[in-house]
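Peer 1: Below you will find the structure I want to go over with you.
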Amino acid sequence: MTRKFCVLAALIAGCALPLLAVLPALADDPPGQVEQPPVQAEQPAAEEEKEGTVTILRPGAQGDMVKLLQQRLHDRGFYYGAMNGKYDVQTRYAVWAFQKSRRMRPMNAVGPKIWQEFERPRRLRPLVPDGPANRVEINLTDQLLTVYRRRRPVLTSHVSTGANVHYCEAGRCGYAITPVGDFKVYKRVPGWEKSPLGMMFDSLYFNGGIAMHGSSVVPTKPSSHGCVRVPVPTAVRLYEMVQVGEPVYVRGKS
């Protein structure tokens, strides 16, 4: 089975906790009830505002305007899914990431303000301005991950980090937290791996059993057991870019 088909076969992804760092990786199904992506009802390719002068794109939309949206997001390092002209869940994750990088509330609708923001200089400020030229920054407050190359942001992703709750599942108990600090990637595991609490895709471990990894469900709020969930297509690109030894800086509060 090719790597592309493995990605499309994605189930829910996983992660581990610092309290269990000495154990094998613990996956990232949400503590308690597993959250599933909402079912998107069929909608027209575009929805017109009452004034009849502005086109609003929403999940379920299809067509050239959606394809243009995907291309704009890809060119700016936010979208790594298929250029299929469909406003699907991966497009929605990229829209959220772009909105958060511009200090906007993440919403599904794409209207004039989003298109205007595409034409403006990037506003995202580094968490570690004096950090290495090549690094990964994870912002717990905004739930964003950014990869820097030569001090420039080249990939930005919506993420979901530790839920900050105590849990007991599958005979294991811990506190679902993504620790703040300075780390380095010490292990890479390609493709899907099964761990005691679920599945993980293209895992990049940086603190015990805690990893950045692909997941098919990446909610707007912190929902993991401690890992940093990334949309699966973005995880593929992240895994290609980040090698063992890459600095990882985690800042903020979720």
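The values are calculated or read from the model by the stated rules, or taken from the named source; none is laboratory data. These figures come from a predicted structure and were not determined experimentally. All Cβ positions, even for glycine, are placed from backbone atoms using ideal geometry, and neighbour counts span all protein chains on display.
Peer 1: Mind listing just one residue for me: the one in the range 61-84 that is of a type outside the set (A, V, I, L, M, F, W, C) and buried (at least 18 other Cβ atoms within 10 Å of the Cβ) and, of those, farthest from residue 125 (Cα to Cα)?
Peer 2: To start, the set of residues in the range 61-84 that are of a type outside the set (A, V, I, L, M, F, W, C) comprises 62-64, 67, 70-72, 74-77, 79-81, 84.
Next cut, buried (at least 18 other Cβ atoms within 10 Å of the Cβ) only: 62, 70, 72, 76-77, 79-81.
Numbers: 62: 33, 70: 23, 72: 20, 76: 15, 77: 15, 79: 20, 80: 22, 81: 25 Å.
Filtering first and then ranking leaves 62.
Peer 1: Can you find even one residue in the range 121-128 that is in contact (Cβ under 8 Å) with a residue 12 or more places away in the chain, closer than 15 Å to residue 182 by Cα, in contact with a strand residue (DSSP E or B) (Cβ under 9 Å, 6 or more places away or on another chain) and not β-branched (Val, Ile, Thr)? It would help to see each step written out before you state the result.
Peer 2: Here is the first cut: in the range 121-128, the residues in contact (Cβ under 8 Å) with a residue 12 or more places away in the chain are 122-124, 126-128.
Subsequent filtering for residues that are closer than 15 Å to residue 182 by Cα retains 126-128.
Filter once more, so that each one left must be in contact with a strand residue (DSSP E or B) (Cβ under 9 Å, 6 or more places away or on another chain): 126-128.
Restricting the remaining residues to those that are not β-branched (Val, Ile, Thr) gives 126-127.
Yes, the range 121-128 has at least one match.
Peer 1: Show me the strands (runs of 3 or more DSSP E) entirely contained within the range 131-222 in which 3 or more residues are buried (at least 16 other Cβ atoms within 10 Å of the Cβ). Talk me through it step by step, then tell me what you get.
Peer 2: Numbers: elements: 135-139, 144-149, 152-158, 166-169, 172-175, 181-184, 187-195, 198-207, 210-215.
It comes to 135-139, 144-149, 152-158, 172-175, 187-195, 198-207, 210-215.
Peer 1: Follow-up. Only one of 31, 59, 106 is under 16 Å from the mean Cα position of the chain (by Cα) and either at pLDDT 95 or above or not aromatic (Phe, Trp, Tyr) (or both). Can you tell me which? If you could, list the steps in order and put the result at the bottom.
Peer 2: Numbers: 31 fails: under 16 Å from the mean Cα position of the chain (by Cα); 59 fails: under 16 Å from the mean Cα position of the chain (by Cα).
Answer to the selection: 106.
Peer 1: Can you say whether residue 143 is of a type in the set (S, T, N, Q), at negative phi and at pLDDT 95 or above, as far as the supplied structure shows?
Peer 2: Values: of a type in the set (S, T, N, Q): yes; at negative phi: no; at pLDDT 95 or above: yes.
No: the conditions fail for residue 143.
Peer 1: Among residues belonging to the range 206-254 that are under 11 Å from the mean Cα position of the chain (by Cα) and among the aliphatic types (A, V, I, L, M), point out the one that is modelled with the lowest pLDDT.
Peer 2: Ranking the qualifying residues of the range 206-254, first place goes to 217.
Peer 1: Looking only at the range 92-130, which residues are in a loop (DSSP other than H, G, I, E, B) and of a type in the set (Asp, Glu)? Even if it seems obvious, please write down each step before you answer.
Peer 2: Of all residues in the range 92-130, those in a loop (DSSP other than H, G, I, E, B) come to 102-109, 111, 119-130.
Matches in the range 92-130: 119, 130.
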